[in-house]
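One structure below.
The values are calculated or read from the model by the stated rules, or taken from the named source; none is laboratory data. On a predicted model such as this, the values are computed, not experimentally measured, just so you know. Heads up, the Cβs are rebuilt from the backbone with ideal geometry, glycines too, and the neighbour counts pull from every protein chain shown.
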Amino acid sequence: MPNTNRPLALYVHVPFCKAKCTYCDFYSLAGAEDNIPAFAEALLQEIDAASKQHDLNSFFIDTIFFGGGTPNLLDPDTLAAILDALRTLTQMGEDVEIGLEVNPGEVTLERLKAYRNMGFNRVSIGMQSFQPKLLTFMSRIHSPEDAISAYIMARKAGFTNVSGDLIFAVPGQTRQIWESDLKQLIDLGPEHISTYSLTVEEGTALKRWVDAGHVHMLEESIDTGMYDVGRDLLERHGYVNYEVSNYSRPGYRCRHNLNYWTGVDYLGFGPSAHSFFQGKRWWNPRHLQSYITGMVERGDCDPEIETIDAGTAANEMILTRLRLAQGLDLDIFESRFGINLLDEKAPTLEKWSQELSVQQGHLRVTPAGWSLIDEISADLMTVNA
C-alpha cells in the first residue's frame, strides 16, 4: 500500500424485516421481501456510481458492515455479489473486518457457513433478552432458545468473532432479570457484548404506547442502576467497557463502530444510509421505492448533502470521543480547532467534576458519568470554532 493510504469504512443498509420491533426507529419494512431483487440491483448501481464519483485511490477498505433491518434475509448469492462489488471500490486492507447483523430464528447454519466462506469474519446477533415476555413486548419474533441456537450455529460455521446485543430498562424488567440475561450471555462466551437502554423514539410503536398511557417507562434512576450493574458485571468477567454501550474481550473491539467514533471517512449504501467523506455528510432517502427508482432510472437517489463547518466538526468530535473510554485528545482538538477546551469550558468542567477527568492529555468520562454521557456532551457541545 502507498504511504498516503487512509482507512475507509463501508456500510450497507438492508431495510427488510420479518416484523417491526416495538422500539426500532431505523428505516425498515416488514413483509417487503419481494423487493429484494430490485433493491440489490439498485444497490449495485449505487456502489458502481460511487466508484466513479469519488477518488478512492488514497484509501484502503478497513471495515465493511451490513446492518438493517435484517441482512440475513438476503440469500448468500446476493450478499456475495454486493460484497464483491464493495471490494472493487479500492484496495483492501490487510486485516479487513467484515461483519453483519443476524436475527435469531431467521438464520440457518447453512447460511452462516456461506457468509463465513465468502469472507464475513464478524457476526452480531440481536438477542435483546432471554425472557419470553420481554421479547414479546419488544415484538421480537424469536425465542430465548433461538438466540442460543444462533450463537451455537455461528460457532459451528467458523466465526471466532461473535457479538451479542442485549437491551435493558424494558418495562417489566427488574434488576435481577437484567443480571440474569447478562449472566446467560456471558456464559455463552462471545468476544463482544453490546448493551442498550430502551429509549422512546419518534415514529415507533413504543412512542405511541407511551403517549397513550398504555406503557410506562422505568424511572431514570432504575435505568442508571441497571447500566451500572451491567458495566460492573461485564468488567468483572473480562469485558472491557471501551465505549459507553460496548464491551469486548481484549483485541475484539468493534473496529467498524470505532471508525465512526474516531472520524474515519465512511460511505453508506442503501435507503437511509449515511456517508461522511472528505468534510461532507449525505444521506439517502428513507424510502425504498424512491431509492430504487432513483438509482435504476437516474443513477442517483437524490441524497441530502451537508457540508461540515468547523463548529459542527468540533462539537461532533466532542460527542463521539467522549463516548470512548480513551476520551478526547485535548492537544489534537486544540490543534484542529484552535480551542483550549479546558479554558473554554471551565465552568462546565467544574459542574461535572465528579463525572469528568483529565488523564494523560485526554478528557474522559469517569465510570460515574457513563450513564449521563448525553447530558455531559450536550453541556460541552457549545463550541464556536
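Brief remarks follow.
- Selection status of residue 249, surrounded by fewer than 20 Cβ atoms within 10 Å (Cβ to Cβ) and either touching a Phe, Trp or Tyr at 6+ places or on another chain (Cβ under 9 Å) or outside the structural domain of residue 28 (by TED's automatic domain parsing) (or both): yes
- Within region 264-290, restricting attention to residues that are in contact with a helix residue (DSSP H, G or I) (Cβ under 7 Å, 6 or more places away or on another chain) and not hydrophobic (A, V, I, L, M, F, W, C), the residue that is farthest from residue 38 (Cα to Cα) is 266.
- Of residues in region 316-347 being assigned to a loop (DSSP other than H, G, I, E, B) and touching a His at 6+ places or on another chain (Cβ under 7 Å), the one farthest from residue 362 (Cα to Cα): 326
- Selection count, region 342-367, where residues are within 22 Å of residue 226 (Cα to Cα) and loosely packed, with under 13 Cβ neighbours inside 10 Å: 1
- Of all residues assigned to region 36-50, none qualifies as being assigned to a strand (DSSP E or B) and either crowded, with 16+ Cβ neighbours inside 10 Å or touching a helix residue (DSSP H, G or I) at 6+ places or on another chain (Cβ under 7 Å) (or both).
- The single condition among (1) surrounded by 16 or more Cβ atoms within 10 Å (Cβ to Cβ); (2) over 20 Å from the mean Cα position of the chain (by Cα) that residue 169 does not meet is (2).
- Strands (runs of 3 or more DSSP E) enclosed by region 256-295 - at least 3 residues per element that are among the polar types (S, T, N, Q) and at pLDDT below 95: none
This table checks each residue for (1) touching a strand residue (DSSP E or B) at 6+ places or on another chain (Cβ under 6 Å); (2) crowded, with 16+ Cβ neighbours inside 10 Å; (3) closer than 27 Å to residue 208 by Cα.
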position: 114; (1), (2), (3): no, yes, no
position: 144; (1), (2), (3): no, yes, yes
position: 150; (1), (2), (3): yes, yes, no
position: 163; (1), (2), (3): yes, yes, no
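- Members of region 51-69 found to be assigned to a loop (DSSP other than H, G, I, E, B) and out of contact with any strand residue (DSSP E or B) (no Cβ under 9 Å at 6 or more places or on another chain), listed by number: 55
- Boolean, residue 10 is surrounded by 15 or more Cβ atoms within 10 Å (Cβ to Cβ), under 24 Å from the mean Cα position of the chain (by Cα) and assigned to a strand (DSSP E or B): yes
- Residue 228 meets the conditions (1) part of a helix (DSSP H, G or I); (2) modelled with pLDDT of 95 or more in every case but one. The failed one is (2).
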